[in-house]
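J.: This is the structure I want to talk about, given as structure tokens.
The values are calculated or read from the model by the stated rules, or taken from the named source; none is laboratory data. Just so you know, these numbers come straight off a predicted model, no measurement behind them. Here the Cβ positions follow ideal geometry from the backbone for every residue, glycine too, while neighbour counts run over all protein chains shown. For the accessible areas, the whole protein counts, side chains as well, though only heavy atoms, and no ligand, DNA or RNA atoms are used. Shrake-Rupley method; radii C 1.70, N 1.55, O 1.52, S 1.80 Å.
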Amino acid sequence: MAQPAGTTEETSGAGSAPVWTAGRRPRVVIIGGGFGGLACADGLGGIEADVLIIDRRNHNLFQPLLYQVATAALSPADIAEPIRKSVGRHRNISVLLAEATGIDTAAKAVLLEDASRVPYDILVIATGSDYNYFGHDEWRQLAPGLKTLREARMIRQRLLSSFERAERSDDPLERRAALTTIIIGGGPTGVEMAGAVSELGRYMIRRDFRRIHQDEMRVLLVEAGPRLLAAFPEELSHYAEDYLRSIGVEVLVSERVVAIEPGSVQMGDAHVACGAVVWGAGIKASPAAAWLGLGGDRIGRIPVTPALNIENHPEIFCLGDTALAMGEDGQPLPALAQVAKQQGQYVASVIRDLTRGRAQPRPFRFHNRGNTAVIGRNAAVFDFGRFRLKGRPAWFLWAIVHVYLLINFEKRVLVSIQWMFRYLTRQRGARIIDEKPEFSEGEEVPLASAAVRR
Ligand SMILES: Cc1cc2nc3c(=O)[nH]c(=O)nc-3n(C[C@H](O)[C@H](O)[C@H](O)COP(=O)(O)OP(=O)(O)OC[C@H]3O[C@@H](n4cnc5c(N)ncnc54)[C@H](O)[C@@H]3O)c2cc1C
């Protein structure tokens, strides 16, 4: 029989070990203030528990729009919001800016980078994922992925600096290399980036540069598998490929990158000189499985029970990209924001029930709201299972969903206005180079020449 909260030891549905000791407010620690962690925290606002969010960044990041920062359409602040601001209205929730490095499950404490310890009664692991360089971590600097604002700014810096380099060079090989961008990985991130870089070149070069021409620009999208957007139905993959080709992207499928060096990428025997490389080929979970002494699956995800906690540790929940949770079809749930958010809301409801003495949670059920990828200015794909959408209607739906999902109202309005303005004018608003690019020394700087304009 369920016990009233705070009078005895509480148990969760996945096991019978005590979750917290009677007579005091439980302490809930959430590692990670991303999609899943924040959804969970939001559901715990005002309950009879002290909640602490630990994150190594002070902001929540809307990763689906990172590619727009990388391609100078949005500014970093448009897609990030301080975690403290997101949860500030809940007096029982506090935030700690710190990096977790381990978990002492016996003592029930999170270990931090600076060797301090944070005790918990209930722990929620929501540490997300990172790009998988498949054993080539040395590629990360040369081919940043799109996971953080720093990486997005690094990509923007490299793209814009390459255009500057091409503008002042008379060497055809140097120009060709500087105007070549290689995107590795044909999933949603790679497809979005390829479309956005191509559009950046087409509209911005034509208007703002004098010595380079948009036709000199090359965008290569390299995918090791046989088709783009492998998680989508074939029909939508083909649409994406055809659309990208129509805007000048060179799509290379069944092509594997074997080496990345400064200024070039090797595919098979071919070395392609380039100005910028972007990585979007596969993800791996955060190292949280190792903190628990678990092996994790192929990409390091922590297996969880249907109640999203960990076998033999009912007090530890895990969700989002770092959890291996099974869907109703017996397949692992995908690494998507909607999965992480729904899981965060579910775990919050389980914890709320625990604090009220209800201890038998129903298993988590994922409600699929559709999978989407944007390909270009008027093109996207939407997969709702039996119902599919592509082209302009899918793009409008994508835009509405993404603006709606932007965390706070103020930003939704701001970003919608900016988007609408840029949609109509084709302007790129955030074309900022943070650091001065390196140019070849001692060369004569050519003046603008009408000869290169076509
Ligand atoms: C470029 C890109 C585009 C995407 N587009 C879409 C899309 O269009 N639609 C969609 O549904 N999904 C999309 N996704 C996937 C979606 O963003 C993720 O599935 C989602 O963010 C997972 O949520 P999460 O809470 O598990 O992790 P995250 O949202 O990544 O949050 C993890 C948090 O944990 C923190 N953290 C990690 N390790 C530590 C540590 N050791 N100590 C302290 N804090 C830590 C991080 O700082 C971060 O704040 C995209 C992802 C990327 C990268």
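J.: 7 Å from Cα along Cα→Cβ at both Asn378 and Leu405: what's the point-to-point distance in nm?
T.: Result: 2.5 nm between the two label points.
J.: Here is a follow-up. Can you pull the percent of segment 112-211's accessible area that's carbon plus sulfur, 1.4 Å probe, other chains left in place?
T.: Of the solvent-accessible surface of segment 112-211, carbon and sulfur hold 51 percent.
J.: Sort 360-372, 104-116 for me by packing, meaning the mean count of neighbouring Cβ atoms within 10 Å per residue, highest on top.
T.: Numbers: 360-372: 15.6, 104-116: 13.5.
Per-residue mean Cβ counts within 10 Å order the peptides as 360-372, 104-116.
J.: Further, regarding this structure: Per residue, how much accessible area does segment 291-358 have with a 1.4 Å probe, in Å²?
T.: Values: 2800 Å² over 68 residues.
On a per-residue basis, segment 291-358 sits at 41 Å².
J.: Given the protein chains as shown and a 1.4 Å probe, how many square angstrom of Tyr203 are accessible, to the nearest 10?
T.: Only protein atoms counted, so the area is about 40 Å².
J.: Just reorder Arg140, Arg386 by solvent-accessible area, largest first, 1.4 Å probe, all chains present.
T.: The residues order as Arg386, Arg140, largest area first.
J.: Considering the convex hull of the alpha carbon atoms of the chain, report its projected area averaged over all viewing directions, in nm², one decimal. Walk me through the numbers on the way to the answer.
T.: Numbers: hull surface 93.2 nm².
Mean projected area for the chain: 23.3 nm², to one decimal.
J.: What whole-number value in Å² describes the accessible area per residue of segment 137-281 for a 1.4 Å probe?
T.: Details: 5600 Å² over 145 residues.
For segment 137-281, the solvent-accessible area averages 39 Å² per residue.
J.: Please compare each pair in Lys85/Lys411; Lys284/Lys390; Lys284/Lys341; Lys85/Lys284; Lys108/Lys284 to a cut-off of 24 Å on the Cα-Cα distance and tell me which ones are over it. Don't jump to the answer; show the numbers that get you there.
T.: Working: Lys85/Lys411 13 Å; Lys284/Lys390 29 Å; Lys284/Lys341 19 Å; Lys85/Lys284 29 Å; Lys108/Lys284 26 Å.
Those over the limit are Lys284/Lys390; Lys85/Lys284; Lys108/Lys284.
J.: Same structure, new question: Show Ser264, Ser254 ordered by accessible area, largest first, where the area counts protein heavy atoms only and the probe is 1.4 Å.
T.: On the way: Ser264 20, Ser254 80 Å².
Descending order: Ser254, Ser264.
J.: For a protection proxy built on the mean count of beta-carbon atoms within 10 angstrom, sort 168-178, 121-131 highest first, please. Intermediate values should be presented prior to the final figure.
T.: Working: 168-178: 17.0, 121-131: 25.0.
In decreasing order of mean packing, 168-178, 121-131 become 121-131, 168-178.
J.: Using a 1.4 Å probe over the heavy atoms of the protein chains, calculate the carbon and sulfur portion of the accessible area of segment 279-416 as a whole percent.
T.: Details: 3660 of 6600 Å².
The computed percentage sits at 55.
J.: Rounded to the nearest 500, what is the chain's calculated 222 nm mean residue ellipticity when only DSSP H runs of at least 4 contribute -39500 (n - 2.57) each, over all residues?
T.: Numbers: 11 runs with 124 residues, N = 454.
Value at 222 nm, helices only: -8500 deg cm²/dmol.
J.: Note down the magnitude of the dipole of segment 137-281 about its Cα centre, charges +1 on Lys and Arg C-beta and -1 on Asp and Glu C-beta and zero elsewhere, to the nearest 20 debye.
T.: Working: 19 positive and 22 negative charges, 124 e Å.
Dipole magnitude for segment 137-281 comes out near 600 debye.
J.: Sticking with this one: With a 1.4 Å probe and every protein chain left in place, tell me how much accessible area Glu255 has, in Å² to the nearest 10.
T.: For Glu255, solvent-accessible area is about 60 Å².
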